[in-house]
Structure formats: C-alpha cells, structure tokens
Amino acid sequence: MKLFLAPWLHAGLLALAAFASPFAAHADNGDYPTKPIRLVVPYPPGGGTDVIARIVQERFATLLGQPVLIDNRGGAAGSIGTELVAKSAPDGYTVLFTLSSHTINPAIYAKLGFDTAKDFAPVGMVASLPQILVANTQFPANTVAELVALAKAKPDSISFASVGNGSPGHLAGELLKLRTGTQMTHVPYRGGGPAVTDVMGGQVPLLWVSIPAAAQFVKAGKLKALAVSTTKRSAAFPDVPTMQEAGVPDFDVDSWYAVFVPAKTPKPAVDRLNRVINTVVKEPEIRDKLLAQGSEGVGGTPEQLGKVVTTELVRWQKLAKEASIKVD
C-alpha cells in the first residue's frame with residue numbers, strides 16, 4: 001500500500017532529511033576520526049601522566065590516522081584539565097588522558113566543576129603502576145622504618161610532596177601517616193616535574209610520585225627510593241621494598257592511567273579509541289617502554305574501566321573520611 005502525503009508535508013520531510021543527514025552521520029561517527037584529536041593531560045610536562053601519554057601518543061596517531069596533540073593543563077590535582085574535557089563537545093575530538101586522581105578528587109574536594117561519575121564515558125585503561133616514595137639524597141632516613149622513627153621523634157617536622165591534593169601520592173602519604181601514627185606535612189605541587197625538581201634541590205625532603213616521574217633520577221643517584229605503594233614490587237625497581245614489606249600493614253595504593261571522553265560521546269568513537277588502546281598496549285616496543293618506566297600495559301573494555309571508577313569512588317571516599325582529608 002502506498003502512503004500519499006500532502007505536497008507541503010512531503011517537501012518538508014525532504015528538507016528535514018537533507019538538514020539532518022550530515023548531523024546523523026557525524027553523530028554516528030562511523031568514519032571517526034576525520035581531524036586531529038586533542039589529548040588533554042591534566043598535569044604539567046615531565047610528570048608521570050605526561051610521560052606515559054607521550055609513550056603512546058605516536059602510535060595512537062598512527063593507528064587513528066590523525067594527529068594526536070597533547071595539551072598539558074596542570075593544576076588542582078588534575079581538576080582543571082579534567083573540567084575542560086567535561087565541558088567539551090562529546091564528539092571524540094577532545095580526549096582526557098588522566099591519572100587515578102580521577103576517582104580521588106571527588107572524595108577530598110568540597111566542590112568540583114564536574115561530576116566524575118556522570119560527565120565522562122570510560123574508554124580504556126592504558127597502564128598501571130605503583131607510587132614510589134623517594135627522598136633527597138641528604139635526607140637522614142634510608143628506610144621506611146628510619147623515616148617513621150624520625151617522624152615520631154619530631155612530629156610535624158617532616159614534609160612530603162605530591163603532584164597535588166587528591167593525587168595518588170597524596171593519598172599514599174596520608175595512608176602512611178594513618179597506618180604509622182605519625183604526623184607529616186603535605187606539600188602539594190602542580191605536577192611531578194616541579195615536585196621532583198624541588199625534592200632534588202632540597203626544598204622538600206620526601207616525595208610520593210608515580211614511578212615515571214622519578215625513575216631516571218633514582219637510577220642516576222639523584223634521588224633515593226624508600227618504598228613502593230603496591231603489594232607487589234615494581235619490575236623497574238625490584239630491589240625497592242613494598243610498604244608492607246617495609247613494615248607498614250594494610251598498605252596498597254595503585255596508580256593507573258586511563259582514557260576518558262565526555263559523556264554522550266558516540267559509541268563508535270569510544271569503541272575505535274578502545275581498540276587502539278588495546279592494540280598499542282600489546283605492542284612489544286610500547287610494553288618495553290612502559291616497563292622501563294615501572295608500569296605495565298593494561299587495556300580492557302570501557303565497562304571494565306567503568307567498574308574500577310565505581311569501586312574506587314567508594315574506596316577513596318572511605319579513606320578520606322577515615323584520615324580526615326578535605327580540600328576547600
């Protein structure tokens with residue numbers, strides 16, 4: 001049976017279809033990407049997140065067939081760059097490459113300009129690694145036990161740096177205080193690069209930071225490593241003990257690097273980015289480069305990353321309350 005439409009209605013529908021078709025094709029993103037991708041790293045150059053992003057950047061660009069341009073937007077433990085992405089168009093061309101601070105910030109910041117759970121779509125986890133506790137070479141403690149003894153002898157006389165409030169290093173430092181009954185002062189920085197520079201210069205004696213930001217300086221003897229934050233030793237520093245091996249019970253702070261896009265980004269774009277991540281982290285050359293930085297390639301599905309985010313939002317909320325961590 002034929003459907004007859006009034007001439008004016010038929011013309012209107014044709015006009016609407018002509019107007020909508022390019023937008024429908026764009027929304028579907030079946031040919032994504034067709035232009036350069038902005039990869040927002042919410043930390044300064046030289047820090048761990050920046051180092052890992054630059055390891056995979058070139059391969060991302062090759063496999064996507066478009067330039068991938070890193071945009072460093074440091075500050076507020078990643079919140080500034082993260083908010084920029086949250087408020088960007090959900091078209092797959094502004095992508096967040098961030099650290100696990102992504103799930104910590106909501107627990108300690110009274111107000112953020114985004115909702116971690118609602119404003120982002122998970123794409124995939126790139127790498128995972130421990131935080132490492134490093135010290136200025138002139139710092140008198142060479143072990144965690146010696147550090148704890150010093151801190152107990154002179155409460156609040158020792159400070160530790162991190163890449164910012166809400167960073168995994170900040171949480172690791174607070175957890176160390178909580179588990180050992182010590183008092184130390186947290187000194188937040190805008191990223192790993194500036195923090196490492198100041199610890200080497202003696203402005204701050206200790207630093208909790210992701211291994212990529214400190215690895216070359218530890219290997220060069222410009223920093224000394226006391227412990228790593230996970231329950232398993234780092235392949236990059238097999239001689240450095242875990243915190244639990246160093247005598248601190250119930251201590252585990254894992255850091256990860258992952259990719260997110262604004263919520264409502266078309267699924268074809270998310271799926272394409274996810275396939276690229278899973279391809280890149282399995283490549284021997286990339287795996288070796290990640291391993292040299294003390295990290296391991298992960299990969300996985302967007303759903304798996306989403307579960308990590310959901311679980312950690314609850315976990316860090318609990319720790320922040322237990323350790324009375326709050327940032328205005």
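Brief remarks on what is shown
- Spin-label pair residue 62/residue 152, simplified geometry with 7 Å Cα→Cβ offset, distance in nm: 5.3 nm
- The packing ranking, built from the mean of other Cβ atoms within 10 Å per residue, places the peptides 276-287, 160-171 in the order 160-171, 276-287, highest first.
- Projected-area average for segment 213-269 over all orientations - Cα convex hull basis, square nanometres: 6.4 nm²
- Subset of 111/219; 177/219; 222/326; 35/289 violating a 31 Å alpha-carbon distance limit: 111/219; 222/326
- Estimated translational D of segment 66-109 in µm²/s (Stokes, Kirkwood radius over Cα pairs; 4 °C; 1.567 mPa s): 113 µm²/s
- The ellipsoid that matches the Cα gyration tensor of segment 130-228 has semi-axes, each √(5λ) in whole angstrom, of 19, 15, 12, with the longest given first.
- Gain on full stretching of the segment that runs from residue 235 to residue 252 - 0.36 nm per residue minus C-alpha separation: 4.5 nm
- Calculated from backbone phi, Karplus (6.51, -1.76, 1.60) coupling profile of segment 180-185 in Hz, x at Gly/Pro: 10, x, 10, 10, 9, 9
- Surface/4 estimate of mean projected area, convex hull on alpha-carbon atoms of segment 151-198, nm²: 3.2 nm²
- P(r) for segment 36-173, from all Cα pairs and a bin width of 10 Å, is 11, 36, 29, 16, 8, 1 %, short bins first.
- All-pairs Cα distance distribution in the chain, expressed in whole percent, bin size 20 Å: 32, 50, 13, 4, 1
- Segment residue 285..residue 311, full-extension length gain: 6.2 nm, with 0.36 nm per residue of separation and the alpha-carbon distance subtracted.
- Under the simplified labelling scheme, the residue 216-residue 117 pair shows an inter-label distance of 4.1 nm, with each label point 7 Å from Cα along Cα→Cβ.
Rule-based calculations on the coordinates, nothing more; no lab input. Computed from a prediction, not measured in an experiment: that's the story for all the values here. No Cβ is skipped: glycine too gets one built from the backbone with ideal geometry, and neighbour counts run over all protein chains shown.
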